[in-house]
Amino acid sequence: MSDREIYWHLPGFSVFFYLNQVIIHMLNEHPEKFRDGYRVGSVYGTFPGAIWNGGRAVFGITSHGDMQKVIKTYNDLGVPVRFTWTNSLIEEKHIYDTYCNLIMETANNGMNQVLVNTSVLEDYLRDKYPDFKYISSTTKRLTAIDDVKAELDKTVDGDPASDKAYYLVVLDYDLNHDEKVLDELSGYADRIEILADEICFPGCPKRKAHYRDESLMQINYEKGAPYDCPNKKTKPGFAECMKRPAFIAADEVREYADRWGYRNFKLVGRGLPQEMVLDSYIYYLVKEEFRDEMREKIIKQLTKLGVKI
């Protein structure tokens, strides 16, 4: 078996703050119970109420003190915080938002990351906050291999070593099992992130429009009517997620690393029940023979923290 480390990028750094902490601590304290070579590469999401946020609208507000606490907690554990600044409707007038800039200033320590979608916000952020690592978001829906390669080959003034290159590019989930694509992109494998457990339907024609709808709600700070999505007809659950064609089984992950060199995997969870997120953590991260034991330990620890699953 390969000893190449595999990095997992976990959802909801704010909404699943305690769950993520417990998982990270458990992995550090009981590595023998987790799959070999697994690490937490980042925790992604947003603080509630940030208009730059995309993918899933999140309403509310976070005090500056709480921002500092959350960011420091993860960073002290050696885990970067990754902001989902992927709102597809950002215009120049939005880039000077006081709250979003405060978030960036608070996290501006050279350790943290940003997911980007639009050039107007990306250009502003790279100029003002050059010490963040910038990641191309799956919300761009790049399903043509030439488009993915162009994203990976992005340079400034023809300089391949430019600091404007993407740290990672998140692959569209429709390409997860396309061996031709995986073969052709293997030379970039260390810079590609794969979404292992997407709940959306394959080839969904509404996905980009759904992202736009969520972006509009976030900017307007107004919840719209429920989006007409087939997934809304059933209660989200991990068992249902496992039936999707894009789903990558836990035992397949190591093959992606050994065969092609892919080492970065992302788990969904924003806007989903915490119980489902825990199911995905247990399934992917924990060795099969220890799953029941570790679930019990995690729930017990969360209960002590006043968190119900």
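Here are some notes:
- Test: Leu89 is at pLDDT 95 or above, more than 24 Å from Ser280 (Cβ to Cβ), outside any loop (DSSP other than H, G, I, E, B) and among the aliphatic types (A, V, I, L, M): no
- Flag for Arg56 being charged (D, E, K, R), touching a residue at least 12 places away in the same chain (Cβ under 8 Å) and not in a loop (DSSP other than H, G, I, E, B): no
- Among the residues of the stretch 278-287, the ones that are out of contact with any Phe, Trp or Tyr (no Cβ under 6 Å at 6 or more places or on another chain) and either free of Cβ contacts under 8 Å to residues at least 24 places away in the same chain or buried (at least 16 other Cβ atoms within 10 Å of the Cβ) (or both) come to 5 in all.
- With respect to the stated conditions, Leu115 is closer than 26 Å to Glu184 by Cβ, in contact (Cβ under 8 Å) with a residue 60 or more places away in the chain and either not in a loop (DSSP other than H, G, I, E, B) or not aliphatic (A, V, I, L, M) (or both).
- Matching entry among Asp131, Asp127 (being assigned to a helix (DSSP H, G or I) and either more than 20 Å from Gln218 (Cβ to Cβ) or touching a residue at least 40 places away in the same chain (Cβ under 8 Å) (or both)): Asp127
- Residue ID - farthest from the chain's Cα centre (by Cα), chosen from residues in the stretch 76-92 that are over 22 Å from Ser137 (Cα atoms) and free of Cβ contacts under 8 Å to residues at least 40 places away in the same chain: Asp76
- Considering the stretch 74-101, the residues that are surrounded by 15 or more Cβ atoms within 10 Å (Cβ to Cβ) and hydroxyl-bearing (Ser, Thr, Tyr) include one that is nearest to Ile61 (Cα to Cα), namely Tyr99.
To keep it simple, each residue is scored yes or no on (1) surrounded by fewer than 20 Cβ atoms within 10 Å (Cβ to Cβ); (2) modelled with pLDDT of 95 or more; (3) touching a helix residue (DSSP H, G or I) at 6+ places or on another chain (Cβ under 8 Å); (4) under 22 Å from Asp131 (Cβ atoms).
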position	(1), (2), (3), (4)
Pro11	no, yes, yes, no
Phe16	no, yes, yes, no
Lys33	yes, yes, yes, no
Val40	no, yes, yes, yes
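- The stretch 251-276, subset modelled with pLDDT under 95 and assigned to a helix (DSSP H, G or I), residue surrounded by the fewest Cβ atoms within 10 Å (Cβ to Cβ): Glu275
- Residues located in the stretch 107-126, provided they are farther than 23 Å from Leu142 by Cα and not hydrophobic (A, V, I, L, M, F, W, C): Asn108, Asn109, Gly110, Asn112
- Of all residues in the stretch 134-157, those satisfying the criterion of being in a loop (DSSP other than H, G, I, E, B) and of a type in the set (D, E, K, R) are Arg141, Asp153, Lys154, Asp157.
- Qualifying residue in the stretch 47-68 (condition: among the acidic types (Asp, Glu), closer than 27 Å to Arg191 by Cβ and surrounded by fewer than 20 Cβ atoms within 10 Å (Cβ to Cβ)): no
- Number of the exception - Asn75 against (1) under 18 Å from Ile135 (Cβ atoms); (2) out of contact with any Ser or Thr (no Cβ under 6 Å at 6 or more places or on another chain); (3) assigned to a loop (DSSP other than H, G, I, E, B): (3)
- Any hit, the stretch 236-249, residues being in contact with a Ser or Thr (Cβ under 9 Å, 6 or more places away or on another chain), buried (at least 16 other Cβ atoms within 10 Å of the Cβ), in a helix (DSSP H, G or I) and modelled with pLDDT under 90: yes
- The set of residues in the stretch 278-309 being outside any helix (DSSP H, G or I) and modelled with pLDDT of 95 or more consists of Val286, Lys287.
- Of all residues in the stretch 203-235 being touching a Ser or Thr at 6+ places or on another chain (Cβ under 7 Å) and crowded, with 18+ Cβ neighbours inside 10 Å, the one that is modelled with the lowest pLDDT: Tyr211
The values are calculated or read from the model by the stated rules, or taken from the named source; none is laboratory data. This is a predicted model, so every value here is computed, not measured. Neighbour counts are summed over all protein chains in view; Cβ atoms, including those assigned to glycine, are modelled from backbone coordinates with ideal geometry.
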